[in-house]
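The values are calculated or read from the model by the stated rules, or taken from the named source; none is laboratory data. It should be emphasised that the depicted structure is a prediction, and the values quoted were computed from it without experimental measurement. Cβ coordinates were reconstructed from backbone atoms using ideal geometry, including for glycine residues, and neighbour counts include every protein chain displayed. These accessible areas exclude ligands, DNA and RNA; they are computed on the full protein's heavy atoms, side chains included. Shrake-Rupley method; radii C 1.70, N 1.55, O 1.52, S 1.80 Å.
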Amino acid sequence: MSALILAMVVLLAVVLIGAALVAIKGKSLPIAILSAGLVSLIASVLFLVLAAPDVAMTEAAIGSGLTTFLFFFVLSRVRGGEND
Amino acid sequence: MIKRAAALLLLTIIGGIFFTLLTGYSADENLNLTAQYYAENTAKDIGAANIVTAIIVTYRGLDTLGEVTVLFLAAAIVGLVLARSRGAGAAQTVKAPVGELLTTGSHSLLPLILLLGIYIFVNGHLTPGGGFQGGAVVASAMLLLLLANPVKRFNHRLISIIESFSGFSYVVIGVLGLLLAGGFLDNRILPIGEFGQLFSAGAIPLIYSLIGLKVGAEFSSILSNLSEAEEL
Amino acid sequence: MAEVFIYIAAAIVGVALLLALYRFVKGPSDADRVVAFDVLTIISISAIVLAAFVEGRGIYLDVALVYALLSFLGVIAVARYLERGF
Amino acid sequence: MSMFFDLLGGLLLVCGAAFLLFGGLGLVRMPDLFNRIQAGTKATTLGTLLTLAGVVCLRPEWGFKLLLIGLFILFTNPISSQVLARAAHRSGTKMSDKTCVDKLEEDFGEKP
Amino acid sequence: MKKAQDFALLFATLLLFWLLLNGSVAVDVVLVGIGVALLIPFLFRDSLAVFSELRVTPQALMAALAYAVYFVKELINANIRLARIVLSPSLPVEPGIVKVRTRLKSKMGRLLLANSITLTPGTLTVELDDEWLYVHWVKVESADVEAATTSIVAGFEQYLEVMYG
Amino acid sequence: MIAQLAMATGFALILIGFYGALTNRNILRMIVAFSVANTGVHLVLVAVGYMNGRTAPILDSAVSATEAVTRIIDPVPQALVLTAIVIGMGVTALMLAFAYKLYEKKRSLDIGKFTELRW
């Protein structure tokens, strides 16, 4: 089954890099934030595949969930500065 | 332009360091000494099935106390920085109304999400998860409340009461460990019990539940402070 | 016997993940990307369940529960932001 | 008997994965946002449920937790799609040229 | 009286979910579960109204079973039709948003109706406003309110009406 | 092999995050880039703890206490990363609060507009 795990890691790595590039280069700020959240979510699947379920749960709940919402709260408060 | 070149140069240097690290890395075949100690002794000394939990709550419990303190300070500073910016409500722009579907759905999901959060921190010693994750899920439930009802304000007093109560009890349990068992935050003030049961691993479920409540209250306070800031 | 099926299923799930990633990267509008985000996370739940099965550890399923909850909340947060709800 | 459940579970897994693939394909091929949401929601919901059912056949002792995950997805997935569709319509997303009727816009008009 | 019934219903639901999550009925698990299931309804005693509308009669139970069977059938049907659309090279879609009417009054019933519509053949609820549902349809068969209502809503409404009223 | 691959991905994420933080001028975008780099660091640390063919450090019916030494991976990096994630969220919240304050002061999120501390 090791080959399957290796394939999963490769696939998730591709998705991670793609999402990270969108997060850095994306035109609109909400999508950049959402992509950062996606990087965290996919990373948490990768943590699970790397046999670290505790870290996976923390990353999903805190790194992806709450941090993304904090970003959106601040972004909605500073709507004018979005495009600077 | 020169800035971009400097950035690229810096990144090349860092990338080179990373590359040497990566090519020089070879995975261990066996656990190192520390990890081996934890793997051998956790089950019979601590009684927790989840070794990561055992490390966080007992072996390195003092660090966790520090971590919770850092989090408390972060929440307090966010509150302090934004204290002057709390909106009066009059100047707010008109918000889009919440659809009926979202309101009903969130009201019916809320108890279940809270239940999931409590399950995660009560079972911290048996399954993945624990106080931090459970606290985050509880805070997510509060967030759902906020999303479904944007004008609602949290009860700040209740949050701070829960926070200080659980923080105080956490320290009291730590001191009890010093008095009744081997040291600060020792979990053996309660019987270790049968391995794999819910009531086992001494005081770990209790400590992790308190951490969960405290972390949940801190996250909720950060969220509510940011969401109540005035729109600029 | 079951292993062959798992290999096939994992391969198909991988292709689906890449298709959703294409929509996420390309996306023309913001809302399109949010849909792609939703689909990506739900496909990831299947991936988690498959990973749990391959490793033979039932405790991994707890992560899938938290994951389902958070993908739901994330989509709602972005949607409310897009319609200027908070 | 266990052979039969192995086969059934494997088949369900492959079917679920296939529906996930159709969801992804629909996401790429459909002409506008609302059609993409349709493809995304329906196909991924059934695909995930079938995957869970397949794992239940292979590992009956995980049944309770998988049932919970299934119920949760079944309940939350449509809600998030509906909220997203509503938000997209209110923020004025363009619909495909093939669209023949839009009663919502007729009744509520252009949203600010 | 009504309030006590809401409380009991939520308590039972939460306890059931707790036992499913833990997957065991050991004494300690049940004890903690009872404690938690008492605590949560107490915290939300103001917003329990959502749970009060479910009818607990044998008739409603039968309707719920029939609803579940019908729903699964429609879900699979929906996916096969969707797969056919996606796989055909010409992509035969003819989308539009139509308006339909529902007779359901209770909030939970309407939510379940909207969810069911979203998961069944070619339809997606976009907006819910009083008795009107705005539904996005991949292949519009009829833009008329009555005709659309019979073809989209009627199937689910007959069961949900018995369950929630 | 698996550990090296995950580690390489983590390093790539760190580099992408640094690049974004150095080249973007919008403060919020810099914080987003920071959080991407943060995830990369977590990934590298978890990959260091991974060992081929072993499973998660949680004892249950699948892994008994007696065979734990030969079956589980190193739990110490996992405990570290768990702490790091929580603190990272606190740091992000602080940065966002200060970004809000800066916007209140200058009505702009462009880092070039904040010249008081330039040298």
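Residue by residue through B:71-82, how many Cβ atoms from other chains fall within 10 Å of the Cβ on average? Before the final figure, lay out each step's value.
Numbers: counts 5, 1, 2, 9, 3, 0, 5, 8, 1, 1, 6, 7.
Average per residue, whole number: 4.
Would you kindly calculate the mean projected area, averaged across all directions, of the convex hull enclosing the Cα atoms of chain A, in square nanometres?
So the Cα hull casts an average projection of 5.5 nm².
Along the positive direction of the dipole of the protein assembly as shown (beta-carbon charges: Lys, Arg +1; Asp, Glu -1; about the Cα centre), which of D:MET95, E:ILE85, D:PHE5 reaches farthest?
Result: D:MET95.
Using a 1.4 Å probe, what is the accessible area per residue for the protein assembly as shown, in Å²?
On the way: 30010 Å² over 798 residues.
Heavy-atom accessible area per residue stands at 38 Å².
In 10 Å bins starting at zero, report the fraction of Cα pairs in segment B:173-232 per bin as a rounded %.
22, 32, 22, 14, 8, 2
Would you mind working out the magnitude of the charge dipole of chain B relative to its Cα centre, with +1 at each Lys and Arg C-beta and -1 at each Asp and Glu C-beta, to the nearest 20 Debye?
Numbers: 12 positive and 14 negative charges, 149 e Å.
I would put it at about 720 debye.
Report, to the nearest whole %, how much of the accessible area of segment F:46-105 belongs to carbon and sulfur atoms, 1.4 Å probe, protein only. List each step's numbers first, then the result.
Numbers: 1330 of 2040 Å².
Answer for segment F:46-105 is 65 percent, counting heavy atoms of protein chains only.
With axes computed from alpha carbons, what is the tilt in degrees of helix E:27-43 against the longest principal axis of chain E, rounded to the nearest 10 within 0 to 90?
It works out to around 70 degrees.
Accessible area lost on pairing E with D, both sides, 1.4 Å probe, Å² to nearest 100?
Protein heavy atoms only, the E-D interface buries about 3900 Å².
Excluding ligands, DNA and RNA, what is the accessible area buried between chains B and F, summed over both sides, using a 1.4 Å probe, to the nearest 100 Å²?
On the way: alone 14620 and 8680 Å², together 19110 Å².
Roughly 4200 Å² of accessible surface disappears when B and F pair.
Which parts of segment C:35-55 would a label at C:ALA11 reach, counting a residue when its backbone N lies under 19 Å from a point 7 Å out along Cα-to-Cβ?
Residues C:47, C:50-51, C:54 qualify, since their backbone N sits under 19 Å from the label point.
What length, rounded to one decimal in nm, is gained on full extension from E:ALA64 through to E:GLU131, with 0.36 nm per residue of separation minus their alpha-carbon distance?
21.9 nm
Using a cut-off of 10 Å between beta-carbons, work out the net charge of the residues near E:SER116 (Lys and Arg +1, Asp and Glu -1, E:SER116 not included).
-2
Taking each residue of F:105-111 in turn, how many C-beta atoms of other protein chains fall within 10 Å of its C-beta, and what is the average?
Mean inter-chain Cβ contacts per residue within 10 Å come to 3.
Starting at the first residue of segment E:125-142, write each ³J(HN,Hα) from the Karplus equation 6.51 cos²θ - 1.76 cosθ + 1.60 with θ = phi - 60°, in whole Hz, x for Gly and Pro.
6, 9, 8, 10, 9, 6, 8, 9, 10, 9, 10, 7, 10, 5, 10, 5, 9, 7
Could you give me the radius of gyration and the Dmax of segment C:2-82, taking only the C-alpha atoms into account and expressing both in angstrom?
Calculated on Cα positions, Rg and Dmax stand at 14.4, 45 Å.
Taking each residue of B:14-20 in turn, how many C-beta atoms of other protein chains fall within 10 Å of its C-beta, and what is the average?
Per residue, the number of nearby Cβ atoms from other chains is 3 on average.
If I require 20 Å or longer along the helix axis, counting alpha carbons, and a Kyte-Doolittle average no lower than -0.5, what helices from chain B are left? Use full DSSP H segments.
Taking the DSSP H segments of chain B (at least 20 Å long, mean hydropathy at least -0.5), we get B:2-23, B:61-81, B:100-122, B:131-148, B:156-180, B:204-227.
Counting alpha carbon pairs within less than 8 Å and at least 6 residues apart, what relative contact order, in whole percent, applies to segment B:115-204?
Relative contact order comes out at 17 percent.
Return the percentage of antiparallel bridges among DSSP beta bridges fully within the protein assembly as shown, rounded to the nearest 5 %.
Roughly 80 percent of the beta bridges in the protein assembly as shown run antiparallel, per DSSP.
In terms of modelled amide H atoms, which long-range or inter-chain residues lie less than 5 Å from the amide H of F:THR55?
Counting only residues 5 or more places away or on other chains, the set is F:ILE72, F:ILE73.
Project the alpha carbons of the protein assembly as shown onto their principal axes and report the range along each, largest first, in whole Å.
Between the extreme Cα coordinates on each principal axis of the protein assembly as shown lie 76, 70, 56 Å.
What residues qualify as long-range amide H neighbours of E:GLU94, i.e. H under 5 Å apart, gap of 5 or more or another chain, H built at 1.01 Å from N?
Correct list: E:LYS139, E:VAL140.
Report the local net charge at B:VAL52: Lys and Arg +1, Asp and Glu -1, summed over other residues whose C-beta lies under 12 Å from its C-beta. Show your work: numbers first, answer last.
On the way: positive: B:ARG60; negative: A:ASP54, F:ASP74.
After counting each charged neighbour, the total is -1.
Across chain F, how large is the tail of the calculated P(r) beyond 17 Å, expressed as a percent of all Cα pairs?
Of all Cα-Cα distances in chain F, 67 percent exceed 17 Å.
Where the only charges are on Cβ atoms (+1 Lys, Arg; -1 Asp, Glu), what is the dipole of segment B:1-122 about its Cα centre, to the nearest 20 debye?
Result for segment B:1-122 is approximately 780 debye, rounded to the nearest 20.
Give the separation of the Cα centroids, segment B:180-229 to segment A:1-74, in Å.
Between the Cα centre of segment B:180-229 and that of segment A:1-74, the gap is 28 Å.
For E:GLU127, what residues show an amide H to amide H distance below 5 Å, using hydrogens built from the backbone and excluding near sequence neighbours?
Hits under the 5 Å cutoff: E:TYR134.
Please report the carbon-and-sulfur percent of the accessible area for segment D:2-92; probe 1.4 Å, protein heavy atoms only, DNA, RNA and ligands left out. Numbers along the way, then the final one.
Numbers: 1910 of 2530 Å².
Carbon with sulfur: 76 percent of the solvent-accessible area.
Between helix C:2-26 and chain C, what is the angle of the helix's C-alpha long axis to the longest principal axis, kept within 0 to 90° and rounded to the nearest 10?
The angle comes out near 20 degrees.
Round to a whole number: what % of the accessible area of chain E belongs to carbon and sulfur, probe 1.4 Å?
In chain E, the share of accessible area belonging to carbon and sulfur is 66 percent.
Starting at 0 and stepping by 5 Å, how many percent of the alpha carbon pairs of chain B end up in each bin?
Reading the bins upward from 0: 1, 6, 10, 13, 13, 11, 10, 10, 10, 8, 5, 2, 0, 0.
DSSP loop (so not H, G, I, E, B), at most 14 other Cβ within 10 Å: list which GluC sites (Glu not before Pro) in segment B:1-82 pass both filters.
Of the GluC sites (Glu not before Pro), the ones in loops of segment B:1-82 whose Cβ has at most 14 other Cβ atoms within 10 Å are B:GLU29.
Please get the size of the charge dipole for the protein assembly as shown, origin at its Cα centre, with Cβ charges of +1 on Lys and Arg and -1 on Asp and Glu, quoted in debye to the nearest 20.
That gives a dipole near 1660 debye.
In degrees between 0 and 90, to the nearest 10, how far off the longest principal axis of chain A does helix A:2-25 point, with axes built from Cα atoms?
10
For the interface of chains A and C, what total accessible area is buried with a 1.4 Å probe, rounded to the nearest 100 Å²?
Result for this pair: about 3400 Å² buried.
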